[in-house]
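Data first, discussion second: the structure below is written as structure tokens.
The values are calculated or read from the model by the stated rules, or taken from the named source; none is laboratory data. Model, not experiment: these values are computed from the prediction. Ideal geometry is used to build each Cβ from the backbone, glycine not excepted, and the neighbour counts take in all protein chains shown.
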Amino acid sequence: MSYTTYTIPYYAIVAEITQDYDERTRIRGLSSMINTGAICLGNILPAILPSIFVGLGLSLSMGWIPTINVLALLALMFGVIAIRSLLSAKLQRETASSGSFDFLKTMLSIMKLRPFKAFAFFIFFYLIASSMIQTNIVFMIVNCVGLPDDYMALVVGVLAVIMLIFIPITTKIAEKRDRRTACLVMFSLMLAGLIAAKLIGIRTLPMLIFEAVFMAIGTAAFWTVFYSISYDLVEVDELTNGTRREGAITAVPQFIQKFGAAIGMWLAGIFLSVFQYNSNLSAQSEFTKRGIESIGTIFPAVFLLISIVGLIIYPVTKERFSKLLIALEKKRAGEDYTTEGIEKLIGKTTIASKHSKKD
């Protein structure tokens, strides 16, 4: 609950700080790199702090109490840093927000935005793919590769390192072209890696790392551009409906994101049953091992492909967004504006002046 009440305004604030396409991309890229480091810290500290406190004379169970306190204080400290760093920020608030808030009505209104459907496909199906892989990794480590589940720490380490490499690469491509193109490139690499992993088979540690590398490439791209893509919808919404709803537009994709992740975990569990996985067996059958491979490779690849289709049809490009801002500035100033070049973004819902050009 605390995370939700913090994360929605935290991500939404970037859309209020700047409307510059590239600046939004850079902010989210830097934030993703810091986030990756924090995830590593969050995985490492619970593994080592209890032992440190045991060495100081506490029992193992008592060692977890100061560990929890350290983690809580770190979370609070980073939250305070984030808030204090924004105190002097000038926010974009050209239009006033509505005084009342109807969640369901607002959600439906945002979902009606022309680019939102493709955006939702992109989020939902990628999270299914990602969640299936993450849920299944430990099963591949133990049953396909034959290693103890402690090797999960190695996989997390590989994910972090590759993400730190590919986040700036994704950011640079997004600046040179646009976010959609950057994500398409990285998702295509991830798709090729998952297919190759299935064809070769994941029975050795190098192949396990191979899959982790390509998963990390797609993960780096998604978390670098996911929120900055959602920021595009803030201006689409303002031109379409005449209001800025940064918080709601950030929250709705997060809702879809969580739903997709839950579906992915649920499907992984169903497929494990289909392939006759039995936790009581010391060794699984070859049929089950091949099934576990598929749950972590080819099945997620299918959902990833659907996500790629959503990205392909997503209409907000860097060029169209620039034209959208021009029209929006004129609308704010009460001037005539044209919808030429941005018809795919606003459809027929925007009320333009009598001099507007229509598709």
Evaluate region 143-155: report whether one residue or more is of a type in the set (Val, Ile, Thr), in contact (Cβ under 8 Å) with a residue 40 or more places away in the chain and touching a helix residue (DSSP H, G or I) at 6+ places or on another chain (Cβ under 6 Å).
-> yes
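Table: residues versus (1) in contact (Cβ under 8 Å) with a residue 12 or more places away in the chain; (2) closer than 24 Å to residue 249 by Cβ; (3) surrounded by 12 or more Cβ atoms within 10 Å (Cβ to Cβ).
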{"site": "24", "(1), (2), (3)": "yes, yes, yes"}
{"site": "36", "(1), (2), (3)": "yes, no, yes"}
{"site": "56", "(1), (2), (3)": "no, no, no"}
{"site": "62", "(1), (2), (3)": "no, no, yes"}
{"site": "84", "(1), (2), (3)": "no, no, no"}
{"site": "108", "(1), (2), (3)": "no, yes, no"}
{"site": "111", "(1), (2), (3)": "yes, yes, yes"}
{"site": "121", "(1), (2), (3)": "yes, yes, yes"}
Looking only at region 309-359, and only at residues there that are of a type in the set (S, T, N, Q) and surrounded by fewer than 16 Cβ atoms within 10 Å (Cβ to Cβ), the one that is modelled with the highest pLDDT = 322
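Across region 19-61, what is the number of residues that are polar (S, T, N, Q), within 28 Å of residue 178 (Cβ to Cβ) and assigned to a helix (DSSP H, G or I)?
5
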Answer yes or no: is there a residue in region 78-98 that is part of a helix (DSSP H, G or I), over 25 Å from the mean Cα position of the chain (by Cα), aliphatic (A, V, I, L, M) and at pLDDT 85 or above.
-> no
Output for region 245-266, where each listed residue is surrounded by fewer than 21 Cβ atoms within 10 Å (Cβ to Cβ) and more than 17 Å from the chain's Cα centre (by Cα) = 266
Considering each of 317, 297, 250 in turn, give the residue that is touching a Pro at 6+ places or on another chain (Cβ under 9 Å) and touching a residue at least 24 places away in the same chain (Cβ under 8 Å).
-> 250
Is it the case that residue 16 is in a helix (DSSP H, G or I) and at pLDDT 90 or above?
-> no
Unique residue being at negative phi and either surrounded by 13 or more Cβ atoms within 10 Å (Cβ to Cβ) or hydroxyl-bearing (Ser, Thr, Tyr) (or both) when the list is 89, 72, 47, 12 = 12
Long-range neighbours under 6 Å by Cβ, at least six apart or interchain, first residue farther than 18 Å from residue 153 by Cβ within region 196-208, second hydroxyl-bearing (Ser, Thr, Tyr) and in a loop (DSSP other than H, G, I, E, B) = 197/297; 198/297
